[in-house]
1. How many nm is it between the label spots at ASP151 and SER99, if each spot is 7 Å from the Cα in line with the beta carbon?
2. Taking springs between alpha-carbon atoms closer than 10 angstrom, which of PHE108, PHE55, PHE162 fluctuates most in the Gaussian network model of the chain?
3. Compute the helix-to-body angle for 208-217: its Cα long axis versus the longest principal axis of the chain, expressed 0 to 90° and rounded to tens.
4. Which one of ILE158, VAL177, SER140 has its Cα pushed farthest toward the positive end of the charge dipole of segment 132-182, where Lys and Arg give +1 and Asp and Glu give -1 at the Cβ?
5. Diagonalise the Cα gyration tensor of the chain and give the resulting equivalent ellipsoid semi-axes, square root of 5 times each eigenvalue, largest first, whole Å.
6. In segment 11-164, what is the count of Lys pairs whose alpha carbons are under 28 Å apart, counting only pairs at least 8 residues apart or on separate chains?
7. Divide, for segment 13-129, the radius of gyration over alpha carbons by 2.2 N^0.38 Å, where N is the residue count.
8. Which value, in debye to the nearest 20, describes the size of the charge dipole of segment 146-215 about its Cα centre when Lys and Arg Cβ atoms bear +1, Asp and Glu Cβ atoms bear -1, and nothing else is charged?
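Just so you know, all these numbers are worked out from the coordinates, no wet-lab data involved. What you see is a predicted model, and the numbers here were worked out from it, not measured in a lab. Every residue, glycine among them, receives a Cβ derived from its backbone with ideal geometry; neighbour counts consider all protein chains shown.
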Amino acid sequence: MEILIGDRMGSLLLIGSPGTGKTRLILKYLRSFDKVLWISTTESAPNVREKIQGFKGEMWVVDTHTWDQKINITSRDIIVNNPLNLNEVSIAIGKALDSLKRNYFISFDSISGLLLYHTPQKVIHFLRNIVVRMTSDSGSGIFTLVKNAHDIHTETSISLVFNNIVELERVFDWEDVKRFIRVVRASSYVEKEVGEIKIVKDDLIVPDELDRFIKSQLRIKK
């Protein structure tokens, strides 16, 4: 029987322009897991690991950005030599997930990187397969999409893969900069749909109601 996307919790689409705090939000919730797969389409595996210093669990990185450049990598880094071939990307992701097995966390940063090379239809099929496997493995994941980097039809099509969508926004108020988080789509009740977030050292402060919602969708029990 086919597993329908959104039937179960676990996946969340995070939309926002550069600088709104997408990576910080991922790092905030990633640390609640012992097993992580980071799929990068925008930076190298060493750069990803630099951002996640101090993580003590099992972490794999699938790097579709570096291509065949010679860089220092670990045994749990997989460089996809030809990201133009989504089958190669899928094989790399499958290898990592075979090792992680169950109850892992996926950070997919970002879908926009794939849309540089592939049609929305191919990317949707690719994402659907990942989310289906993640759901069957009782995994969780945050997938990012750069806001306004694509036409509205593409953004809407990609969003249909996910039942839970959160958007980050940065607003300039005179000399001050404020950041907001908004629930665009939710598969369960949300006490509060919009709130202000604050960036502090090594963390992102999310309003309690929205923090509880995100944790519930990612199956974080703490």
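1. 4.0 nm
2. PHE55
3. Tilt of helix 208-217: around 30 degrees.
4. Comparing the listed Cα positions along the dipole, SER140 ranks first.
5. Working through the eigenvalues yields semi-axes of 25, 20, 19 Å.
6. The result is 29.
7. 1.01
8. The calculation lands at about 180 debye.
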